[in-house]
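Notes to accompany the following structure.
The values are calculated or read from the model by the stated rules, or taken from the named source; none is laboratory data. Values in this document were obtained by computation on a predicted structure and should not be read as measured data. Using ideal geometry, Cβ is built from the backbone for each residue, glycine included, and neighbour counts are taken over all protein chains shown. The protein model used for the area step is the full one, side chains on, heavy atoms only, and it has no ligands, DNA or RNA in it. Shrake-Rupley method; radii C 1.70, N 1.55, O 1.52, S 1.80 Å.
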Amino acid sequence: MKFLSLTLALLLSATSFGVQSQGATPAPAQPKVRLVTDLGDIVIQLFPKKAPVTVQNFLDYVDAGFYDGVIFHRVKPNFVVQSGGFTFDFVRKETRPQIINESANGLKNLTGTLSMARFTDPDSASSQFFINLKHNKTLDYKKGKPGYAVFGRVLIGMGVALKITKEPRGMYRAYPEAPNVPIRILKAERM
């Protein structure tokens, strides 16, 4: 009886500390995604507590394989490298519905952060994202003026983003900011 009471007490104690039953794996608090590119890997840490809709949207695209094969089509040294919308031959991929703008989440467009690209309408982001190459203060939220929603940061591979800016651009008249030789995301995967 004493053994049974001790076992029950230990079991209740483990439950109260949030020990999960075997087989249940909690989602990571800050999930990570690896972008395997033509120039190397970029590992991203996401911020679901600060940008829940944006992170879920991004992960939905990752899980669907949407980013596999897209190119970095907008490269502006000392500003951003952008991807998430076009194949190597500049065919725009069909996207999911647009999402709300979460730029008022307190995160800034600092060097190495990821933000959602959008049109003039603040709630027009879908699949395209960019990596900030410096603190782009003009993209930050200001009271009464929506910015560009930061939802993650580069943990490993900022050098890859900088390598992309060194590639020659300007060969494509319709896409003058795209590298002359397409730089692709070969695979986007959760870690």
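Taking Cα atoms only, the orientation of helix 52-63 departs from the longest principal axis of the chain by about 80 degrees. Between amide H atoms placed 1.01 Å from N, distances below 5 Å from residue 169 occur with 180, all of them 5 or more places distant or on a separate chain. Dividing the helix sum by the residues of the chain, where each DSSP H run of 4 or more adds -39500 (n - 2.57), gives a mean residue ellipticity at 222 nm of -6000 deg cm²/dmol. The 3J(HN,Hα) values that the Karplus relation (6.51, -1.76, 1.60; θ = phi - 60°) gives for the stretch 168-179 are, in residue order, x, 10, x, 6, 9, 4, 6, 9, x, 8, 8, x Hz. Gly and Pro appear as x.
When trypsin sites (Lys or Arg not before Pro) are flagged only if DSSP places them in a loop and at most 11 other Cβ atoms lie within 10 Å, the longest unflagged stretch of the chain comes out as 50-142.
Each residue of the stretch 116-124 is assigned a 3J(HN,Hα), and the resulting list reads 7, 7, 7, 8, 4, 5, x, 9, 10 Hz, derived from the Karplus form 6.51 cos²θ - 1.76 cosθ + 1.60 (θ = phi - 60°), x at Gly and Pro. Remark: relative contact order (the chain) = 29 percent; criterion is Cα-Cα distance under 8 angstrom and separation of 6 or more residues. The HN-Hα couplings worked out from phi for the stretch 147-155 by the Karplus form 6.51 cos²θ - 1.76 cosθ + 1.60 (θ = phi - 60°) are x, 10, 6, 7, 9, x, 8, 6, 8 Hz, whole numbers, x standing for Gly and Pro. In the elastic network of the chain, a GNM with C-alpha springs shorter than 10 Å, the most mobile of 62, 75, 181 is 181. Within a straight-line Cα-Cα reach of under 27 Å, residue 137 can be paired with the following lysines, leaving aside sequence neighbours fewer than 8 residues apart in one chain: 32, 49, 50, 76, 108, 145, 163, 166. By the Cα gyration tensor, the chain has an equivalent ellipsoid whose semi-axes, rounded to whole angstrom, run 39, 19, 15 from largest to smallest.
For the stretch 50-191, build the charge dipole from Cβ charges (+1 Lys, Arg; -1 Asp, Glu) around the Cα centre, then report which of 147, 88, 186 sits farthest towards its positive end. The one lying farthest along the dipole's positive direction is 147. In the stretch 91-158, the inverse of the mean reciprocal separation of distinct Cα atoms equals 12.3 Å; this is its Kirkwood hydrodynamic radius. Taking the accessible area of the chain, probe 1.4 Å, and keeping the other protein chains in place, the carbon and sulfur fraction comes to 60%. For the stretch 40-110, a Kirkwood radius taken over Cα pairs fed into Stokes-Einstein (10 °C, viscosity 1.306 mPa s) yields D = 114 µm²/s. Relative to the longest principal axis of the Cα atoms of the chain, helix 2-16 runs at roughly 20 degrees. Heavy-atom accessible surface of the stretch 100-191, averaged per residue, reaches 53 Å², computed with a 1.4 Å probe.
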